[in-house]
Every structure is written in structure tokens, then in C-alpha cells.
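Since the structure comes first, as C-alpha cells, the remarks are kept for the end.
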Amino acid sequence: MEEKKSGSLKNGKHLKGVVCDVKNCSFHDGDSCCTANRIAVGPSFASTSGETVCATFKPKML
């Protein structure tokens with residue numbers, strides 16, 4: 001497993017039930033799945049899905 005700065009671990013397995021289209025995230029599997037051990041979504045004051053973000057996002061290193 002690879003330790004990430006955010007404290008999340010990249011586990012190499014798909015996070016069940018989570019679909020991700022952010023291909024420039026280091027947790028993206030290259031298809032449509034997240035491989036983070038866990039995710040954090042916020043902010044807590046969001047009132048629509050458009051106001052939410054994945055706080056686990058970590059840019060891929062090229």
C-alpha cells in the first residue's frame with residue numbers, strides 16, 4: 001500500500017459503490033473507479049451536489 005499525504009492509503013482495489021471520472025487523480029484506476037482506502041466528501045455546508053468536492057483528491061504525479 002502507498003501512503004498518501006492526506007492520510008489516505010492507496011489500496012489498489014476498487015472502493016465499492018464509488019464511481020469516479022477524475023482521471024488526473026492518483027486514486028483513479030484508469031477506468032471509472034476509486035482505489036483510495038476511504039474518501040472524504042465535503043464541505044459540510046453544501047446544499048447541492050454541485051457544491052460538493054472530494055477532499056481525498058490527490059493529483060497524479062507525471
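The values are calculated or read from the model by the stated rules, or taken from the named source; none is laboratory data. Predicted model only: the values in this text are computed from it and were never measured. No Cβ is skipped: glycine too gets one built from the backbone with ideal geometry, and neighbour counts run over all protein chains shown. For accessibility, only protein heavy atoms count, side chains too; no ligands or nucleic acids. Shrake-Rupley method; radii C 1.70, N 1.55, O 1.52, S 1.80 Å.
Taking the range 18-29, which residues are under 21 Å from M61 (Cβ atoms) and either open to solvent by 60 Å² or more (accessible area, probe 1.4 Å) or not in a loop (DSSP other than H, G, I, E, B) (or both)? Can you show your working first?
Our first condition is that a residue be under 21 Å from M61 (Cβ atoms); within the range 18-29, this holds for 20-29.
Matches in the range 18-29: D21, V22, K23, N24, C25, H28.
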Suppose we keep only residues that are more than 13 Å from the chain's Cα centre (by Cα) and small (G, A, S) within the range 39-62. Which one would you say is least open to solvent (accessible area, probe 1.4 Å)?
A46
Between residues in the range 1-27 that are modelled with pLDDT of 90 or more and residues that are loosely packed, with under 15 Cβ neighbours inside 10 Å and not charged (D, E, K, R), which pairs lie under 8 Å by C-beta distance while being six or more apart or on different chains?
V19/S32; C20/S32; D21/S32; K23/G30; N24/P59; C25/P59; S26/P59; S26/M61
Report every pair of residues separated by at least 6 positions or lying on different chains whose Cβ atoms are under 9 Å apart, first residue within the range 43-56 and touching a residue at least 12 places away in the same chain (Cβ under 8 Å), second open to solvent by 90 Å² or more (accessible area, probe 1.4 Å).
V53/V41; C54/V41; A55/V41; T56/R38; T56/V41
